[in-house]
Amino acid sequence: MTMKVHPNYARLVDLARESHEKGRTPAEITPEDVALARLYSYAFRGHTIGAFHATRLAIDEIEMCDPLTEAHRKRAVELLIDLANQTMDAVEPDFRALISTFYRYATNIPRVIDSLTEGVETCQLASMRKVRDRFAELMEEIANGNGIHTTLDTHAPEQASFIVPNLGITIVPLVYGDYHSWNLAYLDGPRSDVPFHLHQDGVEIHLGYGPLHGNTVLGECYAEVDEGYAMPIPPKVRHGYVNDSTMQHHVPFIFGSLTRGGWGVFLDVEAQPIDLDKLEQTPVYSRQMNQTIYLEREIEKAAGRFSSVRYPIIPASATDGDGIGGLELSVARVNGYGLNLRTDRFCIVSVVRGKGVVQMAGAKKKVGPHEHFCVPAGLPALLQQEGNEPMVTLDAVIKEARSPISNPRWRRNRS
């Protein structure tokens, strides 16, 4: 079984192979080749707790018909673990992104498919065929694209999500950088709550979009919300959401840690159960809610601007602590003339209103609401609105910033 790949992807594979054959020389690798390799690598990185994890769990439960095909199944498991572990390695901004990071993905992913195919063809296992075909489909969505890969926060794709063991909620990875990630807590239960928990070494921003009605919890307090909000969460602080309506409420969230990496949220979750009536109710804009904002109001303000502009709405200082770093959330109005986006840090972009086009590394892609994509550090990107509806984006970076937190309740929680 062979994946369909885009000409950009095929060219990079050939370049990497030729480089290895010539002693890993970077002589024929251009800056655009490196930029594309970084984009593809970050796209695959998003499957650390997506397809790499879910596929491994799926084939762990399938029994092979003979020792040889069992050996192939074990080989597939080993490869999937290696692909997930690759997330711990940085995607370098030079030729190594192509001949090392990208090439490892491009080499090991087909090996997984080949190993699974042995079980399909030898044992005629329908269950294995389904798992293999879905894995290949997910990988092909990246490899058959031009390099700019987007993800949606509207659903939980089959064989591409993660269930947090001690919380029981489904996490859909959307974009994974070196130190922070954008995810979706897909809450398909009868209440759509986010169980109370904290992270010892991670910072977070919860994003709530209407329609909704419930209580968002931070530390020893909670605030009633009935419209979109964004809540910055420092390390070691209890947080969660209680849904008081019959409406299903999914929660996109940004997580980061300069000490653990963006994927660390799933290795750093402590349940913190407590009755809501034991917490203090406070307004959204109170000091206890740590600069929580009404998100959809900020989006509306940005949409009303005429010129392209980007500015922060939650500072990194709201979450930074203990060298872990802070998440800075920005909003941007993008008009037809375009917005140039280039940061010195990995940036994750979410389109929240309107439609447009993003251009990077010589590639171009149309984007719309609920789509997410990355802009690697130092890589210039051009965003342009298409159509009449104002285009608005959110984006997040992680960086060190001095935290102003002095709430005594949080001090007790953080001790």
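Observations on the model:
- Spatially proximal aspartates and glutamates relative to LYS365 (Cα-Cα < 16 Å; intrachain offsets below 8 disregarded): GLU141, GLU386
- To the nearest ten degrees, helix 51-60 and the longest principal axis of the Cα atoms of the chain are 70 degrees apart.
- Over 20 Å between alpha carbons, listed pairs LYS4/LYS130; LYS4/LYS74; LYS74/LYS130; LYS355/LYS399: LYS4/LYS74; LYS355/LYS399
- Percent antiparallel among DSSP beta bridges (both partners in the chain, rounded to 5): 95
- Reciprocal mean inverse distance between Cα atoms of the chain - Kirkwood radius, Å: 22.2
- Amide H contacts for HIS197 (H built 1.01 Å from N in the peptide plane; partners 5 or more residues away or on another chain; cut-off under 5 Å): HIS239, GLN272.
- Rel. contact order, % - alpha carbon contacts under 8 angstrom, at least six apart, the range 197-241: 50
- Cα lying deepest toward the dipole's positive end in the range 299-399, options ALA302, VAL375, GLY356, charges on Cβ: GLY356
- Convex hull of Cα atoms in the range 299-399, direction-averaged projection (nm²): 6.2
- Ranked by the mean number of other Cβ atoms within 10 Å per residue, highest first, peptides 250-256, 281-287, 126-132, 309-315 order as 250-256, 126-132, 309-315, 281-287.
- Residues whose amide H falls under 5 Å from that of MET391, counting only those 5 or more places apart or on a different chain, are VAL334, with hydrogens built in the peptide plane.
- Cα-based convex hull, the range 9-51, per residue volume (Å³, whole number): 75
- Normalised by the number of residues in the chain, the mean separation of alpha-carbon contacts (under 8 Å, six or more apart) gives a relative contact order of 15 percent.
We did not get these values from a lab; they are worked out from the coordinates using the rules stated. As the structure is a prediction and not an experimental result, all values here were calculated from the model. Positions of Cβ are backbone-derived with ideal geometry, glycine not excepted, and every protein chain shown enters the neighbour counts.
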